[in-house]
1. Residues with beta-carbon under 13 Å from that of Leu373, excluding Leu373: net charge, scoring Lys, Arg +1 and Asp, Glu -1?
2. Could you pull out every residue, at least 5 positions away or on a different chain, whose amide H is within less than 5 Å of the one on Phe303? Hs are placed 1.01 Å off N in the peptide plane, and Pro or chain starts have none.
3. Ignoring ligands, DNA and RNA, please state the percent of accessible area on the range 674-793 from carbon and sulfur, probe 1.4 Å.
4. Could you put Ile358, Ile735, Ile705 in order of accessible surface area, largest first, with the 1.4 Å probe and the full protein assembly present?
5. ³J(HN,Hα) across the range 346-361 via Karplus (A = 6.51, B = -1.76, C = 1.60, θ = phi - 60°), whole Hz, x for Gly/Pro?
6. Rg/Rh for the range 23-133: what does it come to with C-alpha atoms and Rh from Kirkwood?
7. I'd like the Karplus ³J(HN,Hα) series for the range 754-769: coefficients 6.51, -1.76, 1.60, θ = phi - 60°, whole numbers in Hz, and an x wherever there's a Gly or Pro.
8. Per residue, what accessible area does the range 657-736 have, given a 1.4 Å probe and all protein chains present, in Å²?
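The values are calculated or read from the model by the stated rules, or taken from the named source; none is laboratory data. Just so it is clear, the model here is predicted, and its values are computed rather than measured. Every residue, glycine among them, receives a Cβ derived from its backbone with ideal geometry; neighbour counts consider all protein chains shown. Heads up: the accessible areas ignore ligands, DNA and RNA and are worked out on the full protein's heavy atoms, side chains in. Shrake-Rupley method; radii C 1.70, N 1.55, O 1.52, S 1.80 Å.
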Amino acid sequence: MDLRDFYLLAALIACLRLDSAIAQELIYTIREELPENVPIGNIPKDLNISHINAATGTSASLVYRLVSKAGDAPLVKVSSNTGEIFTTSNRIDREKLCAGASYAEENECFFELEVVILPNDFFRLIKIKIIVKDTNDNAPMFPSPVINISIPENTLINSRFPIPSATDPDTGFNGVQHYELLNGQSVFGLDIVETPEGEKWPQLIVQQNLDREQKDTYVMKIKVEDGGTPQKSSTAILQVTVSDVNDNRPVFKESQVEVHIPENAPVGTSVIQLHATDADIGSNAEIRYIFGAQVAPATKRFFALNNTTGLITVQRSLDREETAIHKVTVLASDGSSTPARATVTINVTDVNDNPPNIDLRYIISPINGTVYLSEKDPINTKIALITVSDKDTDVNGKVICFIEREVPFHLKAVYDNQYLLETSSLLDYEGTKEFSFKIVASDSGKPSLNQTALVRVKLEDENDNPPIFSQPVIELSVSENNRRGLYLTTISATDEDSGKNADIVYQLGPNASFFDLDRKTGVLTASRVFDREEQERFIFTVTARDNGTPPLQSQAAVIVTVLDENDNSPKFTHNHFQFFVSENLPKYSTVGVITVTDADAGENKAVTLSILNDNENFVLDPYSGVIKSNVSFDREQQSSYTFDVKAVDGGQPPRSSTAKVTINVMDVNDNSPVVIYPPSNTSFKLVPLSAIPGSVVAEVFAVDIDTGMNAELKYTIVSGNNKGLFRIDPVTGNITLEEKPTPNDVGLHRLVVNISDLGYPKSLHTLVLVFLYVNDTAGNASYIYDLIRRTMETPLDRNIGDSSQPYQNEDYLTIMIAIVAGAMVVIVVIFVTVLVRCRHASRFKAAQRSKQGAEWMSPNQENKQNKKKKRKKRKSPKSSLLNFVTIEESKPDDAVHEPINGTISLPAELEEQSIGRFDWGTAPPSTFKPNSPDLAKHYKSASPQSAFHLKPDTPVSVKKHHVIQELPLDNTFVGGCDTLSKRSSTSSDHFSASECSSQGGFKTKGPLHTRQAL
């Protein structure tokens, strides 16, 4: 089996497969010659077809369509809505419909038709077979209106002579049923002989002896009738001629002969040689062969009979498909009245001489032979019903059909010889717009014959393709300050559809107010003037929409970048920059940063900075804008610097601008308070016993040349007020009586007053000694000064009464007596004193390491002292933060050291700097302004601050003792911190820390040293 045979076999198997789900069959029986609009049947009712969609439950509208061949006159019609079948105006004539066939009663005459049910979801192919029943619409007819019969005169009575049979196209009971001889003259009678095939042959019976010499001709009528209702009949003239006698008739060897001959037998081919014999001799034995009267004229056209030899030959090409069996009656006559009869059945055998026939009937009506489909039609859309047939038989009539080439269509078998042509895949107009293919029907004969039918299918475009941009993102660039209407680009999109489905219009999306777009051409232009500094980039969309129904669209992104031009000058963030830096900032420290911007881009925004009018006090980095100092700052010498800065960009031509810069020098807490009053550490004030509580008994006043909080001072008694007799105002420095003095309070009181500023984060302070002599009078000043001098040997953290009894105002004689009286116990006293001093010294050193004067520095402690109403003995501080220096003994008779009662009247300039009268409005700001671009605060700088220091070569007593620096007579107080820490400025604000630490300690008792005021 070669490849072609295998393919044909596979196609045959495919064709034989039936789809029972969509193919059904109905059979109706009707009478012929029915009038128009006679109902035949109802398809949905007869097939029980539901109009309800099982999936959705909704009623579906079904369409019933008769599949007909172009040019055919339909015999029936189908209602497209109801599926009812009716007759048409074309009358159904059974005899015409089944012409050429010998239909017996049991042989049905029918025709077939196909009906499809649409839409595709309900598709069914209904094959309808309509059997046409005969009506008696034809009268039986004799072959000729005049029938001539010759009968020998010596014919015996009851001899029979055949009469040509009448024919009736009707069948069954409507066919020939009865013959009648009219006017038989009692000489002749009529008999009917019925053949095995059901045919009725009339025979004429001789009832009397004939005598030709008396009468040689008899004329009668023969009548034939059918069995229909109403009955139909016809007559013919029967003319009998009496002939001379021949008493032996020929005899055939075989009266029934059957032969086979191929349909392609050539003309002249012998079919059969008939042979008859006659017992007569002479002329009466000469046999002549003729076709019987029952032989159809068509048969006589195909075959020739040799009258002498009895040879039957083919005289015309045979066609089995036209007539498969020919029955021939041959008469052998020797001239007598009764010829011999032989029946020859000629079977024409099939030869594969007929190609298959393709009957193409369209479900979708074609236009000029072309079927038009929409590309959106679903798969399995039915196009046509194809019926294939072959007039040949057996293997020659086995037909397979297939589509010649690969197309998106296929044939689906629904019956043995019928196929549905339908789509096999989705159609795409853009891929292929037209299909032209052949349907091939091939039989299985050898050689195989085939037939083709050409099918043309054109697709109708549907709007199933949106416009497509050549670029999904379109990037453009245009210089700013352009002219209006400037051409930018042409936006283009393509659409694979055709016609109006491919007509594209363009439309701008949102955010495209700066642009115009031609809807037809896609030309994009600028509708406004671009300013890169306002907007550097425009991003918007363009929509391409076709004119299909519904319209489809797509979008592309357009990015327009505006190129820069040097149309903007540099711009400082402030017209006036103010920076705040701490004084003592070292040289070349960063004090601030100038910020300048340029709205342009690239080289047009590259800005270079320069200082215009500064005397080289500052250095400006031309690119970063960092300002560095070229001087060391001292607020007390110069509090601010002002100069102009110029910025030039790199454009062509360049643009420039200027700004003003002010450097404000902030104060640093680098000055300790300076005591103005008391004028000396050895002066004293008299406190009479009559003084009332709350009265001012002394005053302490100091100034600080710093500013702001660095100049705010606080006064605190840190030692010598163990009885709580006195109180100092922390703001004014006025010392007042807390309680009325008693005789027990008489004597010299030494108050150690700490004066500290409020600098942040650590304050600076100064100590001053205030001596108060409680007594009604101070008659012996030299004695009081001697007492003051002797108190210098008492450590400052101890009250002068702790080491000896209070110094009473008694004469020396009393003292000497007391000393002599106590001489006996001096050893004991010395021992006790040494023991107490040793214990006190070790306790003091431990306290000094853990506490740095916190008790009297705490404002809360002061407040507690102010609230006490009763005298309460206070413990002396456990440690001291004081610096110790030697003093020069003052002259007791010095006028300036005389007791002063009341308060001091200070100079006007000192009063203005006092805490109570400080003008905060004139002070430099302690915080930056909110809009101050003080970027210099991010740069660290450190510089040593000017401070007063004790010289390292200052003589120090080798003994542990405490002395206080004497206040010089010129009101200049020198002392405070031993050293002043270096200030570290971590920013340009006022929160930088300044530290002051105390050095030194308690000295052992030893010789005194003096030191002049610095």
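1. Working: positive: Lys376, Lys382, Lys433, Arg456, Lys458; negative: Glu375, Asp377, Glu422, Asp428, Glu434, Glu460, Asp461, Glu462.
Every neighbour counted, the sum reads -3.
2. Result for Phe303 returns Gln315.
3. Values: 2010 of 3550 Å².
Its accessible area is 57 percent carbon and sulfur atoms.
4. Details: Ile358 25, Ile735 0, Ile705 100 Å².
Reading off the accessible areas and sorting them downward yields Ile705, Ile358, Ile735.
5. The phi angles translate into 9, 8, 8, 7, 7, 10, 6, 10, 10, x, x, 9, 10, 9, 9, 10 Hz.
6. Working: Rg = 15.6 Å, Rh = 15.1 Å.
Dividing the radius of gyration by the Kirkwood radius yields 1.03.
7. Karplus-based 3J(HN,Hα) across the range 754-769 equals 9, 10, 10, 8, 9, x, 10, x, 9, 8, 9, 9, 9, 9, 9, 9 Hz.
8. Details: 2030 Å² over 80 residues.
Roughly 25 Å² per residue, with all protein chains present.
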